[in-house]
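Undergrad: So that we are looking at the same thing, I have put the structure below in structure tokens.
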Amino acid sequence: MTDTTHPATGTPTDAVVTEDAVPGTRSRSTLSELAADAPPTAPRPRRRAQSARVRSVLKHVLLIAFGLVMLYPLLWMLASSFKPSALIFREPGLIPSAVDLGNYTDGWNALTHPFGHYLLNSAIVVLGSVLGNLVSCSLAAYAFARLQFRGRGVWFAIMLMSIMLPIHVVIVPQYVLFSSLEWINTFLPLIVPKLLATDAFFIFLMVQFFRGIPKELDEAARLDGCGHGRIYLRIMMPLALPALATTAIFTFIWTWNDFFSQLIFLTKPDMYTVPIALRTFVDATGQSSWGPMFAMSIVSLIPVFLVFLFGQKYLVKGIATTGIK
Amino acid sequence: MAVTELARGTAARRPARKKGDGKAAALFLAPWFVGLALITAGPMVASLYLSFTDYNLLQAPTWIGWDNYQRMFDDPRLLNSLQVTFTYVFVSVPLQLAAALGLALLLDKGLRGLAVYRSIYYLPSLLGGSVAIAILWRQVFGADGLINQVLALVGIEGQGWVSHPDYALGTLVALNVWTFGAPMIIFLAGLRQIPRMYYEAASIDGAGRWRQFRSITVPMLTPIIFFNLVLQLINAFQSFTQAFVVSGGTGGPADSTMFYTLYLYLKGFGSLEMGYASAMAWFLLLIIGGMTFVNFLASKYWVFYDD
């Protein structure tokens, strides 16, 4: 897998490149500018540099303004979570005229269980899913990337097709199966499938990554008498850390945000995860409790936000090369 | 791996067939095989069977042939849900991709602070599918919501957008457009792969920026546009959380946000018509598969590969 942040063109877009605005480095000339270029006179380069600077400033203003509009609802929710309920409906501004932490204490205790209970449930489901995906998908990916076996191409195609399958097609029989196993209202229906590599998307991601790891490495190890188990564990896994990190991060965020399957498999308040608990706010309480609802919404977003902060590098790379969100 | 390569679908590289690793492969693939049999393929077959039965979870399924499928075409709520879903998909996805491409173009040419902008625009994509954001949307577009507060500042009297049948779907479209960050990052990666020399050559030939955009950027980017299009269409067809939360699980007002998946959920897990829900699921698969197939066919005429 070549690194898309360093493309063949060699343009380090990530670095701070302002040379664009410097005259002479590269023409961004329009036809008229080209025509005017004919008699070179002294003051023009400066004027062109100036207009480029003006354009760049305009661009930044535009980008910042648009970014603010994009983030405003989020910031507004954050601000509202600190406002007494009456103010939420009157103030579109961000700075609360009165700060009230009551929303957080009220929200925390508003449902059957304290909100920490739901956070813990979500954490269990998420950690189980992350672990499951890391182990099972990397095992399968190793086989597809490095082993020769009969029917490899066919199985690989089946694996790719399973990525496209909408969950709705299998959810009813899955429900029947899990309920006959008495797994409804346990975390097993959410975790066990991950241990069985049903998130085929990550198999694909890792296969792509493994293919980029030089074959000479494991061939040499094989000559030294290593079996596949050891090659997988000692050579591939350490080298595949970026792919593993991407898998872990996206599994974390998707599972944390997942609503559909948690809604179906968890029906007892005891077992509710964060999204299901949050949703009961909408049902149970009227419009009067927006404050506590926002406060707990903010709480529910914190883990995703933290993963976003620390995993940015992998997130961006993962999405740029594979298209996952 | 280049994005363009991926957009085209990576063909498995065929290694020289040496000595077989059958046993090792069976071990490494064991979890996946079990998962495929029990969690994916088995349930697929079962749901196909159930789609021809009357099944309410409590009694054994009884075979009713094509009745469920026929019933779908006589079910006005289902037909409405199809219309709602198609409207949502075909309005929100093009807008979302246009925003993604526009911003990617603005960010492309070595801009100071690119990483910061990229993060800001990407964040909504990560959060957009969460219940918290759906709750936020419900308030923002509510009668006392942020939108109306802002409108009031300029003297316009708004209304309850999420509670009005004409506008509720629009608020969900807005939510989907808001999450343009993910396709934007893919566009950015694609833009970087266009060789700079093309632009240099074109500008020596006297091509202006607009001409360069039309004759170089767009054609070179078509594989990425195609990739994003297929991906976002598939995603949008399966949207559920937003409509569920914004409408309080009802698809209201007046079924105006009754996504196909939401109706499927209500039929299957609300009124326990599992056979009917299974038939609906297979019809969804048919729609998504058919649409993806048509997309691939059409791509021959507008997607340009540079080699």
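The values are calculated or read from the model by the stated rules, or taken from the named source; none is laboratory data. Quick caveat, the model's predicted, so the values are computed rather than measured. Here the Cβ positions follow ideal geometry from the backbone for every residue, glycine too, while neighbour counts run over all protein chains shown. Accessible surface areas use protein heavy atoms only, side chains included; no ligands, DNA or RNA. Shrake-Rupley method; radii C 1.70, N 1.55, O 1.52, S 1.80 Å.
Undergrad: Quick test for you: out of A:Val69, A:Val22, A:Val17, pick the one residue that is modelled with pLDDT of 80 or more and either loosely packed, with under 11 Cβ neighbours inside 10 Å or within 18 Å of B:Leu111 (Cα to Cα) (or both).
TA: Answer to the selection: A:Val69.
Undergrad: Of all the helices (runs of 4 or more DSSP H) wholly in region B:90-165, which have at least 2 residues that are open to solvent by 10 Å² or more (accessible area, probe 1.4 Å), among the hydrophobic types (A, V, I, L, M, F, W, C) and under 28 Å from B:Gly252 (Cβ atoms)?
TA: Qualifying helices (runs of 4 or more DSSP H): B:146-153.
Undergrad: Based on this model, can you work out whether A:Ile124 counts as under 27 Å from A:Asp283 (Cα atoms), of a type in the set (A, V, I, L, M), in contact (Cβ under 8 Å) with a residue 24 or more places away in the chain and surrounded by fewer than 20 Cβ atoms within 10 Å (Cβ to Cβ)?
TA: Here the answer is yes, as A:Ile124 does meet what is asked.
Undergrad: Continuing with this model, one more query. Among the residues of region A:160-189, how many are assigned to a helix (DSSP H, G or I) and either closer than 16 Å to B:Gly289 by Cβ or out of contact with any Phe, Trp or Tyr (no Cβ under 6 Å at 6 or more places or on another chain) (or both)?
TA: Total satisfying the criteria: 19.
Undergrad: Only residues that are open to solvent by 50 Å² or more (accessible area, probe 1.4 Å) and either at the interface with another protein chain (Cβ under 8 Å from one of its Cβ atoms) or within 17 Å of B:Phe240 (Cα to Cα) (or both): list them for region A:159-170, please.
TA: Selection gives A:Met164, A:Ile167.
Undergrad: For A:Gln148, state whether it is at the interface with chain B (Cβ under 7 Å from one of its Cβ atoms) and closer than 30 Å to A:Thr273 by Cα.
TA: no
Undergrad: Would you point out which residue out of A:Tyr142, A:Tyr118 is crowded, with 22+ Cβ neighbours inside 10 Å, at the interface with chain B (Cβ under 8 Å from one of its Cβ atoms) and in a helix (DSSP H, G or I)?
TA: Of the residues listed, the single one that is crowded, with 22+ Cβ neighbours inside 10 Å, at the interface with chain B (Cβ under 8 Å from one of its Cβ atoms) and in a helix (DSSP H, G or I) is A:Tyr142.
Undergrad: Would you call B:Arg192 crowded, with 19+ Cβ neighbours inside 10 Å, closer than 21 Å to A:Ala320 by Cβ and basic (Lys, Arg)?
TA: Criteria met by B:Arg192.
Undergrad: Which pairs do you get when a residue that is more than 7 Å from chain A (Cβ to nearest Cβ), found in region B:29-51, comes within reach of a residue that is open to solvent by 30 Å² or more (accessible area, probe 1.4 Å) and assigned to a helix (DSSP H, G or I), reach meaning Cβ atoms under 6 angstrom, with the pair 6+ apart or on two chains?
TA: Filtered contacts from region B:29-51: B:Ser51/B:Trp282.
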